[in-house]
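Read the structure below first, then the notes.
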Amino acid sequence: MSLLINKQKDADASAIGRRRFLNSAAALGITSVGLAACQENTQGASVAGSAPAPVAPASSGKSPHINPGQLDTHYGLWSSGHTGDARIIGIPSGRELLRIPCFVPDALIGWGQTNESKAVMGTRADGSLRYTVGDTHHIHASYKDGIYDGKYAWINDKINARLARFRLDYMVCDKITKIPNIQGFHGIFSDKRDPVDPAINYTTRVFCGQEFHVPMPNKGADLEDPTKYHCLFTCVDAESMDVRWQARIDGNCDLVATSFDGKLAASNQYNIENGVHYPDMMSAERDACLFFNIARIEQAIKDGKFTTIGDSKVPVVDCTVEGNKDPATALSVRVTVPKNPHGVNATPDGKYFICSGKLSPTATVIELQKVLDWFDGKLDDPDMAIVAEPEIGLGPLHTTFDGRGNAYTTLFLDSQVVKWNIDKAIQKHAGDKEINPIVHKLDVMYQPGHINATNAETTAADGIWMAVGNKFSKDRFLPVGPMHPENDQLVDISGEQMVLVHDNAVRPEPHDFIIFNRDWLNTKQVYEMDEHPQAVKDPKDAGVTRDGRKVTVRMASFAPAYTPAEFKVKVGDEVTLILTNIDKVEDLTHGIAIPEYNIQFVVNPQETKSVTFKVDQPGVFWYYCTNFCHALHLEMRGRMIVEA
């Protein structure tokens, strides 16, 4: 099989060898499925046997440098992978501004230690955390009028089937939902407007895809029979975070997308064979993009046409292929796409979803109106909704957009990003074979996965910056031992050709991200004290109360002192410490730590948090402020005196 080997023009021999090794190793595992070589070409794009693609020097693009005193133009919300949290990145600088913990304890702010965070994360009967690991993959935000409204963002935990929500005003996780009946929770996407009520032009639902098919219920006699396995597509209420409904499907879900009119949600599917071993997952010629008619699903539930699974009370509708052959009553429909698609993305004009073949050198453009036409009985074959399948390169994965009619797709095997024109691809598919949709190819380092451009998941894509998440970095950074960082690269897409302008080392293994205008987000710099019912609003309200062996310590902090400055308890007491930061000055964060009792958390201005712990040893224990807050910060301390 011929491999497409693209070499950076000025790369040295070792770098060329590295790229050849990476591409060859990746291709070895898929030769049995007959990966074709890409034939499209244009100036700046490489094909087998031709000159390598030119790479513009970084100096020819816009500078990502942000001078002292200046602010980034865009926010980036990034998933963080196995650290189980989210990152806030400034674009174009690439500076990490904040980490928002959700699924995994975080010692910096005391997440998973305070009573408030434990209530969000979920605990066992003994008060310990139900889960302490997570695997975040995809993050998406709430919409109004087709753009982000700055209210919420959601992120998934693939390991433990949890969905977390962030309040974007405080940049904190406020709710986590455990989704029943599923494993391998991968793709998510918020709806962009209500599918039933046209007057509701904002996000009301979040859709969640299950990747690992399992018995339903996952217990009993059918554990080893894969013919009894299924997956579920889940709808979660955006406000309550309750699970609204689930749809039983054949095959698994990869990623999720939603239409701008709210009518359709979709998931690309690999392994439509329902295989449990690798060879069983590769027998079908094509896989699929599965579309859900949301209004019909919710009407079916109102009509009582649903079942439940095991002890779960969540309504489950039938979205299997066998149960949805009649367009007049179908709740879902498959459009076939090349083998092992990896990603589905909606174009900013709302007309198309684009899937990439991964094991085919093609992207598939699906016209959403034609999918709706099939549901209305106006289209005989759902595959007639496919309006283009351009050959773009080896190992296409994810796609983003510039708002000027161009798509940008990562090519995992080629270690490139390809820019291609959607209208030209459609024209070529319609019969004009002289048209070449490929505009430009850019080498990236190495093996790119997720990709997103500024505002690209909205109707206001601005085509300024694009970030590419590369799974390997190799020689791009100082060596730090066997565990290499990954490489988020920033690309200037304001011109006709892409220009690589910045490398940014990141801790493995992040996945998806979104980037949007900074003025779409208005954060609060100081908490509203009334949001916590136990806030200590005045130092005179601080003090210690006892109810048997339960002791409540109400404490206020204001630089550079705590009130009370000391308190007494006894061995065997259960202590609940409630701390309010009374300071109102922006950025004046306090912390509190108690030695030997595994307590450390922070409170931002006007914020309240609490911890509950058992006193198990006598002595004097100095509690102290852990966040530098004042010239007398080191003197900000107090005594917990524990009597035997």
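Some observations on this one:
- Mean residue ellipticity (222 nm) of the chain, computed from DSSP H runs ≥ 4 via -39,500 (n - 2.57), nearest 500: -2000 deg cm²/dmol
- All-pairs alpha carbon distance profile, region 72-185, 10 Å steps from 0, percent: 14, 46, 31, 8, 1
- Taking label positions 7 Å along the Cα-Cβ direction at both residue 67 and residue 130, the computed distance is 5.2 nm, reported to one decimal.
- Stretch gain in nm, segment residue 199-residue 525, where the contour uses 0.36 nm per residue and the Cα spacing is subtracted: 114.1 nm
- DSSP bridge orientation in the chain - percent antiparallel, rounded to nearest 5: 90
- Diffusion of the chain by Stokes-Einstein, at 37 °C in a medium of 0.692 mPa s and with Rh set to the Kirkwood radius over alpha-carbon pairs, works out to 124 µm²/s.
- The accessible surface of region 499-621, taken with every protein chain in place and a 1.4 Å probe, is 45 percent carbon and sulfur.
- Most simply put, region 430-531 has about 95% antiparallel DSSP beta bridges, counting only bridges with both residues inside it.
- Where a label projected 7 Å from the Cα of residue 169 along Cα→Cβ would reach, residues of region 580-618 with amide N under 17 Å: 604-608
- Estimated inter-spin distance, residue 632 and residue 550, nm [label 7 Å along Cα→Cβ]: 3.6
- Residue 65 - accessible surface, heavy atoms, 1.4 Å probe, Å² rounded to 10: 120
- Dipole orientation for region 416-534: of the candidates 516, 490, 456, 490 has the Cα lying most toward the positive pole (charges on Cβ; Lys, Arg +1; Asp, Glu -1).
- Residue by residue, region 394-403 carries 3J(HN,Hα) couplings of 8, x, x, 10, 10, 10, 9, 9, 10, x Hz when phi is fed to the Karplus relation 6.51 cos²θ - 1.76 cosθ + 1.60 (θ = phi - 60°); x denotes Gly or Pro.
- Here's how it looks for residue 151: its modeled amide H is under 5 Å from those of 142, which are all 5 or more places away or on a different chain.
- For region 349-454, GluC sites (Glu not before Pro) meeting the loop criterion (DSSP other than H, G, I, E, B) and having at most 15 other Cβ atoms within 10 Å: 434.
- About the Cα centre, charge dipole magnitude for region 496-578 (Lys/Arg +1, Asp/Glu -1 at Cβ), debye: 720
- The calculated Kirkwood hydrodynamic radius for region 250-381 is 15.5 Å, given to one decimal from all distinct C-alpha pairs.
- Region 174-248-region 275-341 distance, computed between alpha-carbon centres (Å): 12
- Across region 104-121, coupling constants 3J(HN,Hα) worked out from phi with the 6.51/-1.76/1.60 Karplus curve, θ = phi - 60°, read 10, x, 9, 6, 4, 9, x, 5, x, 10, 6, 4, 5, 6, 4, 4, 6, 6 Hz, and Gly and Pro carry x.
- Bridges between two residues of region 465-589, per DSSP, are antiparallel at a rate of about 70%.
- Here is the list for region 304-376: trypsin sites (Lys or Arg not before Pro) lying in DSSP coil, each with at most 14 other C-beta atoms within 10 angstrom of its C-beta, are 305, 313, 325.
- Among the listed pairs 378/419; 62/524; 144/305; 263/325; 192/313, a Cα-Cα separation exceeding 29 Å is found for 378/419; 62/524; 144/305.
- Annotation: for a label point projected 7 angstrom from Cα along Cα→Cβ of residue 326, residues of region 364-407 with backbone N closer than 19 Å are 373-382.
- Estimated at 0.36 nm per residue, the fully extended path between residue 228 and residue 574 surpasses their Cα-Cα distance by 119.6 nm.
- Total charge dipole magnitude, region 318-398, about the Cα centre, Cβ charges on Lys, Arg, Asp, Glu only, Debye to nearest 20: 280
- For region 570-644, GluC sites (Glu not before Pro) are listed when DSSP marks them as loop and at most 13 other Cβ atoms sit within 10 Å of their Cβ; the list is 586, 596.
- At a probe radius of 1.4 angstrom, the accessible area of the chain per residue rounds to 41 square angstrom.
- Label-zone membership for region 625-644, site residue 566, 7 angstrom Cα→C-beta point, backbone N under 13 Å: 637-643
- Gain on full stretching of the segment that runs from residue 505 to residue 430 - 0.36 nm per residue minus C-alpha separation: 22.7 nm
- Dipole of region 581-644, positive direction: furthest Cα of 620, 608, 588, with charges on the beta-carbon: 620
- Annotation: residue 173 carries an accessible surface of approximately 10 Å², with a 1.4 Å probe and no ligand, DNA or RNA atoms counted.
- Distance between the 7 Å Cα→Cβ label points at residue 107 and residue 598: 1.3 nm.
- Relative contact order, percent, region 74-122 [alpha-carbon distance under 8 Å, six or more residues apart]: 24
- Excluding same-chain neighbours fewer than eight residues apart, the lysines reachable from residue 358 by a Cα-Cα span under 16 Å are 339, 471.
- Charge context of residue 127, other residues only, Cβ under 12 angstrom, K/R +1, D/E -1: +2
- Accessible carbon and sulfur surface of region 267-396 relative to its total accessible area, %, 1.4 Å: 50
- Heavy-atom accessible area with a 1.4 Å probe sorts 626, 114, largest first, into 626, 114.
- Estimated vicinal HN-Hα couplings, Hz - region 203-220 in sequence order (Karplus 6.51, -1.76, 1.60; Gly, Pro = x): 5, 10, 9, 10, 9, 10, x, 9, 9, 9, 6, 9, x, 10, x, 7, 6, x
- Selection from 337, 98, 177 lying farthest towards where the dipole of the chain points positive, charges on Cβ: 98
- About its Cα centre, the dipole of the chain is roughly 980 debye, where the only charges are +1 on Lys and Arg Cβ and -1 on Asp and Glu Cβ.
The values are calculated or read from the model by the stated rules, or taken from the named source; none is laboratory data. Computed from a predicted model, the values in this text were never measured in an experiment. Every residue, glycine among them, receives a Cβ derived from its backbone with ideal geometry; neighbour counts consider all protein chains shown. Ligands, DNA and RNA are stripped out before the accessible areas are found, and what is left, the full protein with its side chains, is counted by its heavy atoms. Shrake-Rupley method; radii C 1.70, N 1.55, O 1.52, S 1.80 Å.
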